[in-house]
Amino acid sequence: MLNIPSIEVKIGIETYASKTSGLGGIIKRSIEGFIVEEILLDGSKASVNPDENRVVLAEHGRYLICVLIKRGLDTLLAAEKIAEALGISPDRIGFAGIKDAEALTAQYISIGGVPAERVSRIRLENIYVKPLGFSDNDISSRDLFGNEFTVTINSIRLKESTVLRKIRRISNELTDFGGAPNFFGHQRFGTIRPLTHIVGKHIIKGDFESAVLTFLTFESPFENPRIRMLRREIKETMDFKKILKKFPEIYIYERLMLAHLSRSTKDFLGALNKLPLNLRKLIVQAYQSFLFNKILSERIKRGIPLNEAQVGDYVLKLNDSGLPINNPIRVELSNISSVNKEIKDGKMAVAIPLIGLKQQLSGGLQGEIEREILEKEDLKQEDFRNPRMIKINVLGGLRAALMRIMDFSFEISKDRVEPLKNSVKFRFTLHKGGYATILLREFMKPSTDQQLIKSGF
């Protein structure tokens, strides 16, 4: 039986779809080893090569459309830096999705009310912005199809023939499974310090003090020892003012909360509200993501297929691009045959609830799993009212249980840094919301926390 790192278990990822042992190896040895290029619904692809970004757009419009190429930082931080350089609010910068921080990425952004000449003059470290033209519509998630990934796994100890055999076997197993499980990936929670979902649960339960103190004091053995000591000091002394002076400036969010608590020692709700709205939303949604992962893991462990609907399941209709559209269907005895035919034809997909205020649980076996997990978590749906105190609505929704793998290919070569070992360059496309690391873990299969961290997750 394949071992699952405890870090993954703690974020709800408790199983694999494939049975063959993995390649091992390391991802993200260099920024160029993990490339993400955004694809819009109209087929436009943002390229990390600036000269390849040519899109026909209008000469005038409300929004300047650009390609953003960034290295080693996330989209939110890049947008803040661009806004600061232009002297505008970050709210005037629109984007379709948040791309990996530890990667070389290209995506489209829109900037409201700024001439192309000003944007062309921006000079920022690890950020390049290329104006393309104008549009009367901003860029948002409604425009996004997915992302093309080019990822290299380095430092593989296995010989080439074994690597080839394992990749083919795992690929076939995933095909038989119907794709890869559509887990929320490691970066949704943090790998070095996986705590966002724990903070999110405290918020949903209305325990704002525990939410803040968890954010500030949660220790990870993989974090910088000096920062671990500071977190321990907060827990032991609760002297927020003293520790604020010691906390490095790069820890922006900790410092925001510590500064507030220095003035108002017991105002934990106020401290949470000092965090940016987008971050508050991500923290609460991380707990939804954890519940989804737990529910999906349990369905897989019980041997209930993801590419065949059961009575009580929800299914989503898919458009011609394979993306979900509105009006989910509840599977009943009267429609199960027709639904499963549509699933087989790629026109529908089994879906699992993202638990929230308005999303009803599934019925049948799937509903039993959901109710069991909510009971273990000591959670009621009405608890999802509490995030309104930090200006977040958690209504819930549905997410496809399977992740479709498109345009999959790979190349095996000698590792350039370690010539006695092998490398594999994978290329594949995933729909929006799909995590490349979830597919890569099926091929690599790290079995311990140390391996997971060392391998680049």
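Of all DSSP beta bridges in the chain, what percent run antiparallel (nearest 5)? So the antiparallel bridges in the chain amount to around 95 percent.
At an R0 of 45 angstrom, the distance between the Cβ atoms of Val55 and Met238 translates into a FRET efficiency of 0.25. Separation of the stretch 153-179 and the stretch 300-339, taken as the distance between their Cα centroids, equals 29 angstrom.
Each pair of Cα atoms in the stretch 196-275 enters the Kirkwood radius, and Stokes-Einstein at 10 °C and 1.306 mPa s then converts it into a translational diffusion coefficient of 126 µm²/s.
In this label model, Asn137 and Thr162 are separated by 5.1 nm, measuring between points 7 Å along each Cα→Cβ vector.
Using θ = phi - 60° in the Karplus curve 6.51 cos²θ - 1.76 cosθ + 1.60, the 3J(HN,Hα) couplings for the stretch 90-96 round to x, 5, 8, 10, x, 8, 8 Hz; x is entered for Gly and Pro. The H on the amide N of Gly456, modeled in the peptide plane, is under 5 Å from the matching H of Ile27, each at least 5 residues off or on a different chain.
Compactness of the stretch 284-400 is given as radius of gyration and Dmax, 14.6, 45 Å, from Cα positions. Averaging Cα coordinates gives a centre for the stretch 198-214 and one for the stretch 13-36; these two points are 32 Å apart.
Net charge of the neighbourhood of Asp91, taken over other residues with C-beta under 12 Å away and scored Lys/Arg +1, Asp/Glu -1, is -1.
Computed from phi, the 3J(HN,Hα) profile of the stretch 401-415 under the Karplus parametrisation 6.51, -1.76, 1.60 (θ = phi - 60°) reads 6, 10, 9, 7, 9, 10, 6, 7, 8, 8, 9, 9, 8, 6, 5 Hz, with x in place of Gly and Pro.
Residue by residue, the stretch 213-220 carries 3J(HN,Hα) couplings of 5, 5, 4, 7, 10, 4, 9, 10 Hz when phi is fed to the Karplus relation 6.51 cos²θ - 1.76 cosθ + 1.60 (θ = phi - 60°); x denotes Gly or Pro.
Here the dipole of the stretch 196-275 is about 160 debye; that uses its Cα centre as origin and unit charges on the Cβ of Lys and Arg (positive) and Asp and Glu (negative). With both labels modelled 7 Å from their Cα along Cα-to-Cβ, the Leu357 to Asp407 distance reads 4.0 nm. Amide H contacts for Lys99 (H built 1.01 Å from N in the peptide plane; partners 5 or more residues away or on another chain; cut-off under 5 Å): Thr75. Selection among Ser337, Leu379, Pro305 by position relative to the dipole of the stretch 284-400 gives Leu379 as farthest towards the positive end (Cβ unit charges, Cα centre).
Radius of gyration over Kirkwood radius for the chain, both on Cα atoms: the Rg/Rh ratio is 0.96.
A Cβ-based charge dipole, computed about the Cα centre of the chain with Lys and Arg at +1 and Asp and Glu at -1, lands at about 980 debye. Convex hull volume of the Cα atoms of the stretch 241-349, normalised per residue: 175 Å³.
For the pair the stretch 65-110 / the stretch 269-287, the C-alpha centres are spaced 20 Å from each other. Projected over all directions and averaged, the alpha-carbon convex hull of the stretch 1-63 occupies 8.6 nm². Packing around the peptides 219-226, 439-446, 5-12, taken as the average count of other Cβ atoms within 10 Å per residue, puts them in this order, highest first: 439-446, 5-12, 219-226. Amide H contacts under 5 Å for Gly356: Gly397, restricted to partners 5 or more places along the chain or on a different chain, H placed in the peptide plane at 1.01 Å from N.
All of the numbers you see were taken from the coordinates with simple rules; none came from a lab. Values in this document were obtained by computation on a predicted structure and should not be read as measured data. Here Cβ is always computed from backbone atoms with ideal geometry, including for glycine, and neighbour counts include all displayed protein chains.
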